[in-house]
Amino acid sequence: MADATVTAGRGVIHIAIAKAYFMVAGYVIQFALPRLLRSDVAWGHYQLVVRLVSVIDNVIITGTIQGVSRFTAQDEGLVDGVKLGALKVQTILAGGIALVYLLLAPWIAGWQGAPMLTSLYRLSAGIMICYSFYAVFVGSLNGLRRFGRQASLDMTFATLRAIAILGCVAAGWGVVGAISGFVGAAFAILVISIVMVGLPRRPKPFATSQLWGYLPPVLLYTLALNLIMTIDLILLPRFVGQISGVVDPQVRADVASAYAGYYGTAQLLAFIPYQAIVAVAFVVFPLVSRSTFDDDLARTQGYVRQTLRLSLVFAAGVAAVFMANPAAVINVVFPVQFRVGGPALRVLSGGMICFSMFAIVNTILNSAGHTVQALGSGIATLGLTAGANAVFVPLSRTADAALRTAAVASSCAMAAGVLLSAVLLYRNFRAGFPPQTVLRVAVAVAVVAGVGHLIPEVSKIVTLGECMLLFALYYVVLAVLREFKREDLESFQRVLFKK
């Protein structure tokens with residue numbers, strides 16, 4: 001088990017480095033764009049369009065990479081056949097989805113009370129098409145275990161996207177330029193991936209039906225997972241427009257878009273704990289897949305407990321810092337008017353702890369072959385999230401209150417979702433979250449949030465220093481509560497120094 005822990009730890013570190021660059025480049029865009037656009041309404045428009053197209057992109061990309069990687073890894077001699085088959089599937093699948101998306105663009109924008117977004121939604125379909133074919137080549141590299149090349153493609157794309165989006169906006173092209181820059185970067189990385197990986201040459205026969213058989217449950221689960229994170233933002237503009245009481249349609253749409261931008265900003269920060277532990281999902285998937293294939297229950301239980309424990313400890317530590325003084329944290333990187341999203345960030349930070357654990361638990365279920373259970377918990381949680389927002393957000397008295405209500409509704413649904421998935425996990429493996437760790441983490445989060453609330457806001461620099469001190473305090477509290485043991489230190493040392 002010790003060797004497995006070392007292997008997993010080193011895998012997390014290697015993958016996290018590549019993912020960290022992509023995440024940082026993405027946040028450079030998010031932090032700089034509101035200032036370059038110089039309009040809360042334009043920022044809201046960008047948030048709405050990119051979040052929706054990202055939901056669809058993530059679904060297609062995840063399913064495609066996993067499908068291509070799976071069949072390529074099984075027989076590397078079929079690499080070109082799988083690649084050709086996947087390109088054919090994407091022509092039908094991604095092409096069909098993009099066509100439906102284009103046709104529904106006016107209805108989506110109209111339903112949100114922002115018909116001016118129709119052209120932006122249509123323009124963003126280009127991202128979807130390029131991403132879909134790009135995923136085929138990334139999946140091929142993944143299946144061949146050429147992780148260095150895969151990482152270089154991801155980092156190259158992150159760089160191109162940041163330069164293209166910020167450059168187009170800086171040139172004065174506004175939100176249209178931002179979306180156009182995104183499309184241009186997606187097309188550029190597609191061309192680069194084709195040159196790097198190569199088009200299929202003399203492919204051996206591969207039954208495309210295997211991909212069609214594998215993709216549906218993966219795509220449906222990924223869709224549910226991404227919508228859980230985004231459905232509140234998608235619904236919010238319509239509800240805020242109704243709550244605002246503004247009669248003029250254009251003004252009402254602008255108010256709704258601005259508040260969507262404020263809420264989206266809070267979400268961006270709240271998502272950081274989840275994005276920070278994504279590497280764990282990449283590592284735990286093959287480990288649990290192998291141990292369940294070998295019918296080694298004891299080893300699987302060890303993976304489950306340790307994965308959930310370490311993921312919870314880290315995700316909660318980041319979230320606790322945001323809970324402590326959310327408005328000040330927002331003001332560090334965003335203009336002062338975005339502080340209105342502070343109450344929503346405090347609540348969403350707690351919700352994202354739940355969502356992060358929900359994603360990890362379902363990764364374990366999927367890796368063990370329990371895809372129907374993972375899909376069921378995903379659909380149930382999505383239904384709760386959408387239903388809670390649809391019922392409670394319209395009852396808010398003001399637009400400011402609507403942001404907090406949406407955060408509470410989504411966070412409660414995420415909490416219910418992780419409870420459901422944890423029950424399913426325990427039924428399958430008789431393993432789950434260590435109760436003592438859950439209690440200690442709850443105490444540490446409460447201490448950090450309480451101490452942070454007592455510290456007065458002085459300046460942005462002081463707030464940054466406060467965040468670092470609170471993050472350290474969180475781990476000090478856990479150490480005092482004896483959450484960390486000698487074995488943890490020894491494992492960490494082996495991860496870093498074992499050759």
- Query: Which residues, counting only those in segment 387-446, are among the polar types (S, T, N, Q) and in contact with a Gly (Cβ under 9 Å, 6 or more places away or on another chain)?
  - Reply: Ser410, Ser411, Ser421
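Just for segment 341-369: of the residues that are crowded, with 20+ Cβ neighbours inside 10 Å and over 20 Å from the mean Cα position of the chain (by Cα), which one is farthest from Leu233 (Cα to Cα)? If you could, list the steps in order and put the result at the bottom.
Kept after step one, since they are crowded, with 20+ Cβ neighbours inside 10 Å, are these residues of segment 341-369: 341-342, 344-368.
If we keep only those that are over 20 Å from the mean Cα position of the chain (by Cα) too, we end up with 342, 368.
On the way: Gly342: 16, Ala368: 32 Å.
Looking at residues that are crowded, with 20+ Cβ neighbours inside 10 Å and over 20 Å from the mean Cα position of the chain (by Cα), I get Ala368.
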- Item | Residue that is surrounded by the most Cβ atoms within 10 Å (Cβ to Cβ), among those in segment 83-107 that are small (Gly, Ala, Ser) and under 25 Å from the mean Cα position of the chain (by Cα) | Ala86
- Note on the structure: Of the candidates Ala320, Ala327, the one satisfying the condition of being surrounded by fewer than 22 Cβ atoms within 10 Å (Cβ to Cβ) and touching a helix residue (DSSP H, G or I) at 6+ places or on another chain (Cβ under 9 Å) is Ala327
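With respect to Met352, determine if the residue is more than 23 Å from Glu466 (Cβ to Cβ) and either touching a residue at least 12 places away in the same chain (Cβ under 8 Å) or not hydroxyl-bearing (Ser, Thr, Tyr) (or both). First the steps, then the outcome.
On the way: more than 23 Å from Glu466 (Cβ to Cβ): no; either touching a residue at least 12 places away in the same chain (Cβ under 8 Å) or not hydroxyl-bearing (Ser, Thr, Tyr) (or both): yes.
Against the criterion (more than 23 Å from Glu466 (Cβ to Cβ) and either touching a residue at least 12 places away in the same chain (Cβ under 8 Å) or not hydroxyl-bearing (Ser, Thr, Tyr) (or both)), Met352 does not qualify.
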- Somewhere in segment 109-117, is a residue surrounded by 16 or more Cβ atoms within 10 Å (Cβ to Cβ), modelled with pLDDT of 90 or more, assigned by TED's automatic domain parsing to the domain that holds Gly44 and under 30 Å from Phe239 (Cβ atoms)? yes
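Give Gly167, Gly181, Gly172 a once-over and let me know the one that is without any contact (Cβ under 8 Å) to a residue 24 or more places away in the chain, assigned to a helix (DSSP H, G or I), under 22 Å from the mean Cα position of the chain (by Cα) and over 25 Å from Leu93 (Cβ atoms).
Values: Gly167 fails: under 22 Å from the mean Cα position of the chain (by Cα); Gly172 fails: under 22 Å from the mean Cα position of the chain (by Cα).
So the residue among Gly167, Gly181, Gly172 that is without any contact (Cβ under 8 Å) to a residue 24 or more places away in the chain, assigned to a helix (DSSP H, G or I), under 22 Å from the mean Cα position of the chain (by Cα) and over 25 Å from Leu93 (Cβ atoms) is Gly181.
Filter segment 370-385 down to residues that are closer than 27 Å to Thr437 by Cβ and surrounded by fewer than 24 Cβ atoms within 10 Å (Cβ to Cβ) and give me whichever is modelled with the lowest pLDDT.
In the first step, residues of segment 370-385 are kept if they are closer than 27 Å to Thr437 by Cβ; the result is 370, 373-374, 376-378, 380-381, 384-385.
Going one step further and asking which of them are surrounded by fewer than 24 Cβ atoms within 10 Å (Cβ to Cβ), we end up with 370, 373, 376, 380, 384.
Details: His370: 79, Gln373: 89, Gly376: 92, Ala380: 95, Leu384: 96.
By that ranking, first place goes to His370.
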- segment 72-94 residues that are among the small types (Gly, Ala, Ser), paired with ones that are surrounded by 21 or more Cβ atoms within 10 Å (Cβ to Cβ) and part of a loop (DSSP other than H, G, I, E, B) (beta carbon under 8 Å, 6 or more apart): Gly81/Phe206; Gly85/Phe206
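Does Pro249 satisfy the condition of being under 19 Å from Ala390 (Cβ atoms) and assigned by TED's automatic domain parsing to the domain that holds Ser356?
On the way: under 19 Å from Ala390 (Cβ atoms): no; assigned by TED's automatic domain parsing to the domain that holds Ser356: yes.
It is false that Pro249 is under 19 Å from Ala390 (Cβ atoms) and assigned by TED's automatic domain parsing to the domain that holds Ser356.
Considering each of Arg404, Arg427 in turn, give the residue that is assigned to a helix (DSSP H, G or I), in contact (Cβ under 8 Å) with a residue 24 or more places away in the chain and basic (Lys, Arg). Before you say what the answer is, go through the steps one by one.
Values: Arg427 fails: in contact (Cβ under 8 Å) with a residue 24 or more places away in the chain.
The match here is Arg404.
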- If a residue has to be over 20 Å from the mean Cα position of the chain (by Cα), touching a residue at least 40 places away in the same chain (Cβ under 8 Å) and more than 18 Å from Arg346 (Cα to Cα) to count, how many in segment 373-395 make the cut? 3
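Given the options Val458, Val441, name the one that is closer than 25 Å to Ala327 by Cα, β-branched (Val, Ile, Thr) and in a helix (DSSP H, G or I).
Details: Val458 fails: in a helix (DSSP H, G or I).
Selected residue: Val441, the only one of Val458, Val441 that is closer than 25 Å to Ala327 by Cα, β-branched (Val, Ile, Thr) and in a helix (DSSP H, G or I).
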- Task: Would you mind stating whether Gly148 is under 23 Å from the mean Cα position of the chain (by Cα), free of Cβ contacts under 8 Å to residues at least 12 places away in the same chain and either buried (at least 20 other Cβ atoms within 10 Å of the Cβ) or closer than 24 Å to Thr64 by Cα (or both)?
- Result: yes
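The values are calculated or read from the model by the stated rules, or taken from the named source; none is laboratory data. The structure presented is a predicted model; accordingly, all values stated were derived computationally and were not measured. Every residue, glycine among them, receives a Cβ derived from its backbone with ideal geometry; neighbour counts consider all protein chains shown.
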